[in-house]
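Working notes, beginning with the structure itself.
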Amino acid sequence: MWKAFTKRTPIRLFILLCIIVVLAEFFLFNAKTFTRRDQIRELSLSDAVLSGFEYDVSSGALVSVEANPGIEFAAVGSPVSTLYLNVDPPDSDSQLRVSIDFSDITNAAYRSGLAQLTIIRDMSQSRYAACHFSGEVGSLRLRFDVQEGKTITLYEVSINKRIPLNLSVFRILLIIGVVTAIYALVRVPLFRDEYDAGRNMHSRIVICTTAVFVFAALGLTLAYNHDRSQGIVSDFKSDQGNQITKDLVDAFLAGQVSLIETPHPELTEMDNPYDWSERIRLGIGYKWDHLLFNNKYYSYYGIAPVVLLFLPYHVATGYYFPTVWAVFLFGALGIVFLTKLYMAFIKRWFSSLPFGMVVMGLIILQTASGVWVNFSSPLFYEIAQTGAFMFTVIGSWALLSATLCKQPRSAWLYIFAGAAALSLAVMCRPTTAVYAVIALVFLWIERNTFKAHMTVPSYICAFAIPFAVLGGTQALYNYARFGSFFEFGIKYSLTINDFTNAQYHPRMALIGFYNFLAAFPQVKPEFPFIFSQFSTLNVNGYYFIANFIAIGIFFRALPAFYLFRAGSTSRLLPDSSTPLRNMRIVWALLCIAAPIIIIFSIWESGYGYRYCADFSWQIIIGALTILYIRFLHQKDTDEPRRTYNKMIVFTAAAVAVNAAISLEYMRGNLRGDALTGFLRFARIFQFWA
C-alpha cells in the first residue's frame, strides 16, 4: 500500500510532505506546549525580596539601583513545570536576559546559571520558559541582565501556565520549499536535462534565482537602514555624507584634489602625526581614515564612484547620494552581472551540463561571493568594495561575452566595455589591478578568436584606449596628490596604525590566508548555528582586525576542494577541448594567482571579511571548472551521478554557511526595531529557546 501511494504521482508525495511538516510543526517545533502541567500559581512581589531594585507599586516599574539586580521568592513550595514572566525590557533594549536560580528536593542551596530566559520585546512566546526541576521547588531567584539606572516594567510572575502554541507559517513553507527543491533537482526531468540557453523555462529559473539574491540584498539593506533613516525619500535629500559621497564631491567642484577641510595646525606640527596613540594622548582632533600629506587632507578611496554617481547626482539635485543605497546599487548590479558572467562561462565551455548542475553552481557562486556583508554595514569602505566588485564582474563578463559574439562591431564593443570596466574597478580599489593584467593575458590567448571579426589595430584599440585613458587618469590623479604616478597613498592614512613605519612579517600575511581560505566553522545550538572562528595565529605583534567573522572559502563553498584535483583533471580533457586547454593559463592566473596576490597585498590593511568580495567568486569559478570537467569527461559511468548528488549537498551547505555568516555579521549592525525583528526571526529556527 505504501509503495503504491508513493509511486503514483509527485502530487501525492507533496501532500504527504505537507502532512508530515504540519504534524512536525504541532508536535516537534511546539513541544514546549505539551510540558507537564502542575497547579497554576501567580507569585506575588509582596512575598519577594528585591535586591538592587526600587519598586513603584502603582506602575509596576522596577528601577535598578545596581547592575544585575534580582527578585527572590524564598518559599515557592510546589513543583514548577513552566515559568511565565510578563515583563517589558528597558525602553532602549530589544531583549532582556533573565537568569533563573532555583533550589529543589535534590539541592537545598541555589543552583545558579542552569536556567535562563531571553525575553524579546513584543514577543509574548518569549516570556515562557519550560522548566525541568526536580519535585517541589524551595526558592526561586530571578536575576536581570540590566545596567544601573535602567527601568523594567513587571506585570506578572506565574508558574505552571500552559505555554501557548506558536505556529509558524514561514517555517512550514520553508521546510516544504527546501524539500521540494531537493526533490525537483533529483527527480524532475527539467533539471536533469542538458542545459539549453534558448529554453524559456531554463532562462526564467535563472532570472528568478538571481532575483531572489537581489531581494535578499535589499532585505539586508532595509534591515540596516530601518532605525537609521527617516524614510527612503529623505535618504536621497541629504546634505550630509562621508569622504567619498561628499568630501571628494565638494573638492572636485572646488577644482582641487585635496579635501576642502584642512588639518588642525597641532596635527601637522606633530613629530609623527600618523601615531594614533600620540594623537589620542595629546587630544588632537583629526579626520578618521583620511590621508594626511603635505599638510593637506586627501581621500585614499577610488574616484570612480565619485565621478560616475556622487558628483553628477549632487550637481543635478543639490543633495548627496546616500551611502547605504550606493552600496546596494553597486552590490545588486554586481549580483546581476555575476549571473550573466556565470551563464556566459557555461555557454562557452559547459553547455552540455544538466540544468540542475548549472543552477546549483550559480547558487553556490552567488551565496559565497563575499559581497553580502557589505549590505549589512554600508559605510564608505563598502562603497569602494562593492564598486570594485561590480566593475570587476562586469569587465569579466564583457570580455568573455566578446568571445561569443558573431558580429565584429559587437565583439569590439564588448572588449572596449570590458577594458573600461576593469579600469574603473582599479579606480575603486587599487588591489583589483591584478585583474586588468589578467585581462591582457586573456586577450592575447583569445586573439585568434577575434581574427575573423576585426583587424589587429582595431583589436588593440578596443582594449588599449580605455586602459590608457582611465589608467592614465588614475595615474595623473596620483601624481597630483603625491607626486608619483603609482602612489595611491594608503601609507598616509590616519587610522590606528602608522603605515609609514609598519614592517612586513610573513606570519602577518598568513593570518589573512588562514582566515580567508581555511578557517573552520564552529557549530553551536544557537542561531544562526554556524559561527566563525577567527585566529591571529599567535602572531605576537600588532595586526589590525576590522571584525572577527572568518570562515574559509573551502568551507563557504565546498567545491573549492576540487582545486586540489586540478592536475589529474587536466589529463581528462580530450584533444577536442583545445579552447579549454588554452585557457589553463588564464584559469591559473584568475582563480589561483590573483587571490593569492590580493590576500598578500592587503596584509597591511589588516583583516576585514568584506575583502572576500575581491577574490571569492574567482576561486569558486576555478573550482567549478574542475568539477564540471570531471563531471563531463570522467570515464567512470557512476561519477556523474555521484557528483550530481554531491552538488546538492554542496549547495545546501553553501546556503547554510554563508547565510549564517551574513546573519552573524548583520546582528552586530542592527539596533532598535530592526534588532527586535532579527531576534524574533531567530526564534523561528531556535524554537526550543
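The values are calculated or read from the model by the stated rules, or taken from the named source; none is laboratory data. Please read these numbers as outputs of a predicted model, since none were measured by experiment. Using ideal geometry, Cβ is built from the backbone for each residue, glycine included, and neighbour counts are taken over all protein chains shown.
For the reader, a short list of remarks on this structure follows.
- Only residues that are within 22 Å of residue 373 (Cα to Cα) and either among the aromatic types (Phe, Trp, Tyr) or not assigned by TED's automatic domain parsing to the domain that holds residue 285 (or both) were counted in segment 242-263, giving 0.
- Residue 468 passes every criterion in (1) under 22 Å from residue 263 (Cα atoms); (2) free of Cβ contacts under 8 Å to residues at least 12 places away in the same chain apart from (1).
- Residue count, segment 628-646 (criterion: among the polar types (S, T, N, Q) and closer than 18 Å to residue 560 by Cα): 2
- Test for residue 395: is it modelled with pLDDT under 95 and crowded, with 24+ Cβ neighbours inside 10 Å: no
- Which listed residue is out of contact with any His (no Cβ under 7 Å at 6 or more places or on another chain) and among the small types (Gly, Ala, Ser), from 623, 674: 623
- Selection of segment 136-164 for residues being closer than 22 Å to residue 680 by Cβ, surrounded by 13 or more Cβ atoms within 10 Å (Cβ to Cβ) and either touching a Phe, Trp or Tyr at 6+ places or on another chain (Cβ under 9 Å) or basic (Lys, Arg) (or both) yields 144, 150, 152, 154, 156, 161, 162, 163.
- Residue check for residue 522: in contact with a strand residue (DSSP E or B) (Cβ under 6 Å, 6 or more places away or on another chain) and in the same structural domain as residue 668 (by TED's automatic domain parsing): yes
- First in segment 315-335 and under 18 Å from residue 246 (Cα atoms) and at pLDDT 95 or above, second anywhere and of a type in the set (Asp, Glu) and in a helix (DSSP H, G or I), Cβ under 6 Å, 6 or more apart: 322/235; 327/382
- You will find that of 96, 117, 83, the residue that is more than 32 Å from the chain's Cα centre (by Cα) and either within 18 Å of residue 49 (Cβ to Cβ) or crowded, with 19+ Cβ neighbours inside 10 Å (or both) is 83 and no other.
- Selection status of residue 235, within 30 Å of residue 309 (Cβ to Cβ) and either surrounded by fewer than 16 Cβ atoms within 10 Å (Cβ to Cβ) or not small (Gly, Ala, Ser) (or both): yes
- Residues satisfying the stated conditions in segment 610-658, i.e. of a type in the set (S, T, N, Q) and surrounded by 17 or more Cβ atoms within 10 Å (Cβ to Cβ): 616, 618, 625, 643, 651, 658
- Answer residue from segment 600-627, given it is among the aliphatic types (A, V, I, L, M) and more than 17 Å from residue 561 (Cβ to Cβ) and is farthest from the chain's Cα centre (by Cα) among those: 602
- Test: residue in segment 17-32 that is acidic (Asp, Glu), crowded, with 16+ Cβ neighbours inside 10 Å and in a helix (DSSP H, G or I): yes
- Residue count, segment 484-498 (criterion: surrounded by fewer than 17 Cβ atoms within 10 Å (Cβ to Cβ) and hydrophobic (A, V, I, L, M, F, W, C)): 4
- Options 48, 109, 75; residue that is without any contact (Cβ under 8 Å) to a residue 24 or more places away in the chain, within 16 Å of residue 139 (Cα to Cα) and of a type in the set (A, V, I, L, M, F, W, C): 109
- For segment 528-546, residues that are part of a loop (DSSP other than H, G, I, E, B) and among the aliphatic types (A, V, I, L, M) total 3.
- Among the candidates 440, 424, 413, 476, the residue that is part of a helix (DSSP H, G or I) and surrounded by 18 or more Cβ atoms within 10 Å (Cβ to Cβ) is uniquely 424.
- Unique match (being assigned to a helix (DSSP H, G or I), under 16 Å from residue 354 (Cα atoms) and either touching a strand residue (DSSP E or B) at 6+ places or on another chain (Cβ under 9 Å) or not β-branched (Val, Ile, Thr) (or both)) among 642, 610: 642
- Residue within segment 283-300 that is within 30 Å of residue 217 (Cα to Cα), part of a loop (DSSP other than H, G, I, E, B) and touching a Gly at 6+ places or on another chain (Cβ under 9 Å) present: yes
- Residue match in segment 458-465 (condition: crowded, with 22+ Cβ neighbours inside 10 Å and closer than 16 Å to residue 330 by Cβ): no
- Restricted to segment 34-47, and to residues there that are at pLDDT 90 or above and surrounded by 15 or more Cβ atoms within 10 Å (Cβ to Cβ), the residue that is farthest from residue 176 (Cα to Cα) is 43.
- The listed residue being touching a strand residue (DSSP E or B) at 6+ places or on another chain (Cβ under 9 Å) and of a type in the set (S, T, N, Q), out of 258, 277: 258
- Residue that is touching a residue at least 12 places away in the same chain (Cβ under 8 Å) and either part of a helix (DSSP H, G or I) or surrounded by 14 or more Cβ atoms within 10 Å (Cβ to Cβ) (or both), where the choices are 218, 222: 218
- Residue match in segment 192-201 (condition: over 30 Å from residue 57 (Cα atoms), within 24 Å of the chain's Cα centre (by Cα) and either surrounded by 17 or more Cβ atoms within 10 Å (Cβ to Cβ) or not assigned by TED's automatic domain parsing to the domain that holds residue 40 (or both)): no
- Criterion: over 23 Å from residue 126 (Cβ atoms), in contact with a strand residue (DSSP E or B) (Cβ under 6 Å, 6 or more places away or on another chain) and either of a type outside the set (Lys, Arg) or not assigned by TED's automatic domain parsing to the domain that holds residue 126 (or both) - qualifying residue of 72, 66, 54, 42: 54
- Hits in segment 262-297 - residues which are of a type in the set (Asp, Glu) and more than 20 Å from residue 242 (Cβ to Cβ): 266, 269, 271, 275, 278
- Restricting segment 242-269 to residues that are surrounded by fewer than 17 Cβ atoms within 10 Å (Cβ to Cβ) and in a loop (DSSP other than H, G, I, E, B), the residue that is farthest from the chain's Cα centre (by Cα): 269
- Pick from segment 99-109, criterion of a type outside the set (Gly, Ala, Ser) and assigned to a strand (DSSP E or B), ranking: surrounded by the fewest Cβ atoms within 10 Å (Cβ to Cβ): 107
- Test: residue 112 is part of a strand (DSSP E or B), small (Gly, Ala, Ser) and under 30 Å from residue 687 (Cα atoms): yes
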